[in-house]
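Visitor: Mind having a look at this structure? Questions to follow.
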Amino acid sequence: MGTQKESIFGSLTEPWSEERKLTWLVIALTFHTVVGYPLVSVIGSSVAIQLINNLVQFAVLLLGLYAFTRNNITRIVLGGIILIAISVRTARFVFGAHWLLGWGILLSLVATIAFVSIAMKYVYKEGPVTSQRIQAAVAAYLLIVLAFALGYMLISYFIPGAFGFADKAPNIDDPRLEYILHYFSISTITTLGYGDIVPVHPFARTLATVEALVGQLFPAILLARLVSLSVVDRERTHK
């Protein structure tokens with residue numbers, strides 16, 4: 001009977017195993033990166049765009065919480081921050097209070113930075129190179145993109161006109177701005193630099209410069225670490 005219970009419990013929890021959690025997190029981040037911006041660009045309703053923004057952000061934050069946290073205290077602290085961030089975003093969506101925007105961005109940024117640090121610790125720890133480690137590295141890279149995008153949003157909130165746009169500059173309350181700056185973050189970290197969005201304020205330029213440096217250093221350091229771990233694991237296997 002006990003074995004049967006364990007089998008049932010295992011079948012219920014298996015879809016949320018460590019690898020599945022990371023897979024779903026990468027899927028959510030990829031959707032936010034690749035699908036989100038084209039999707040909101042063809043939607044005319046600002047309410048629908050805000051709803052998509054909130055749902056994707058909620059998915060990323062909650063999946064990040066379950067994928068990266070093991071310690072109960074860490075999970076409680078980060079869970080509290082995420083709960084407040086979700087509550088603030090929901091309240092702004094319902095009531096349209098402008099002052100809640102800054103708090104929502106800040107809390108989401110704090111949670112994202114925490115996930116990046118946890119993911120990096122997971123990627124660079126000792127041990128064999130596994131699919132989970134590769135997925136964590138991809139998630140960390142996409143989370144870094146998201147963190148810088150939120151940083152650009154925060155600068156735009158406090159310093160209007162910090163970025164120059166080829167077309168008409170979107171208002172900070174425009175729900176499309178979040179995806180526009182996410183696109184700018186991707187083009188910056190990959191050093192594409194199309195020139196359609198330009199950092200004008202010194203704070204914006206500094207943050208963009210830091211992201212460009214991270215975009216060059218992260219893959220190089222990651223590749224070196226994975227190669228070294230693979231060599232060590234191979235040597236241990238042959239002994």
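Visitor: So the check is Cβ under 6 Å with 6+ separation or different chains; which pairs have a first residue in the stretch 164-175 that's surrounded by 12 or more Cβ atoms within 10 Å (Cβ to Cβ) and a second one that's among the hydroxyl-bearing types (S, T, Y)?
Guide: Here the result reads I172/S156; I172/Y157; P175/S46, each pair linking the stretch 164-175 to a residue that is among the hydroxyl-bearing types (S, T, Y).
Visitor: What helices (runs of 4 or more DSSP H) completely inside the stretch 126-239 contain at least 1 residues that are of a type in the set (D, E, K, R) and within 15 Å of the chain's Cα centre (by Cα)?
Guide: Details: elements: 131-158, 177-189, 202-238.
Correct list: 177-189, 202-238.
Visitor: Could you check the stretch 99-119 and list, in sequence order, the residues that are surrounded by fewer than 19 Cβ atoms within 10 Å (Cβ to Cβ) and without any contact (Cβ under 8 Å) to a residue 24 or more places away in the chain?
Guide: W99, L100, W103, S117
Visitor: In the stretch 18-73, which helices (runs of 4 or more DSSP H) lie fully inside it and hold 1 or more residues that are modelled with pLDDT of 75 or more and under 14 Å from the mean Cα position of the chain (by Cα)?
Guide: On the way: elements: 18-30, 36-41, 46-68.
In the stretch 18-73, the matching helices (runs of 4 or more DSSP H) lie at 18-30, 46-68.
Visitor: Right, here's the next one. Condition first: more than 18 Å from L150 (Cβ to Cβ) and either surrounded by fewer than 21 Cβ atoms within 10 Å (Cβ to Cβ) or of a type in the set (S, T, N, Q) (or both). Now tell me which residues in the stretch 61-90 satisfy that.
Guide: Narrowing the stretch 61-90 to residues more than 18 Å from L150 (Cβ to Cβ): 66-67, 69-77, 79-80.
Y66, T69, R70, N71, N72, I73, T74, R75, I76, V77, G79, G80, listed by residue number.
Visitor: If you don't mind, another one. Taking into account only those residues within the stretch 176-209 that are without any contact (Cβ under 8 Å) to a residue 24 or more places away in the chain and more than 19 Å from F158 (Cα to Cα), which is surrounded by the most Cβ atoms within 10 Å (Cβ to Cβ)?
Guide: S187
Visitor: Pull out all pairs, ordered by first then second residue, where Cβ-Cβ is under 6 Å, the residues are six or more apart or on different chains, the first lies in the stretch 48-70 and is over 23 Å from K121 (Cα atoms), and the second is basic (K, R).
Guide: Listed by first residue and then by second, the contacts come to N54/R89.
Residues are listed down the side, and each one gets a yes or a no for (1) in contact with a Phe, Trp or Tyr (Cβ under 6 Å, 6 or more places away or on another chain); (2) closer than 24 Å to T30 by Cα:
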residue: Y152; (1), (2): no, yes
residue: A169; (1), (2): no, no
residue: D173; (1), (2): no, no
residue: Y183; (1), (2): yes, yes
residue: T190; (1), (2): no, yes
residue: I197; (1), (2): yes, yes
residue: H201; (1), (2): no, no
residue: R205; (1), (2): no, no
residue: L223; (1), (2): no, yes
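Visitor: Check whether at least one residue in the stretch 196-209 is modelled with pLDDT of 85 or more and in contact with a Lys or Arg (Cβ under 6 Å, 6 or more places away or on another chain), and report yes or no. Walk me through it before giving the result.
Guide: From the stretch 196-209, those modelled with pLDDT of 85 or more are 196-209; that's our starting set.
Checking which are in contact with a Lys or Arg (Cβ under 6 Å, 6 or more places away or on another chain) leaves us with 199.
Yes - at least one qualifying residue is present in the stretch 196-209.
The values are calculated or read from the model by the stated rules, or taken from the named source; none is laboratory data. Keep in mind that this is a model prediction, so the values were computed, not measured. Reconstructed Cβ throughout: ideal geometry from the backbone, glycine too, with neighbour counts over all protein chains shown.
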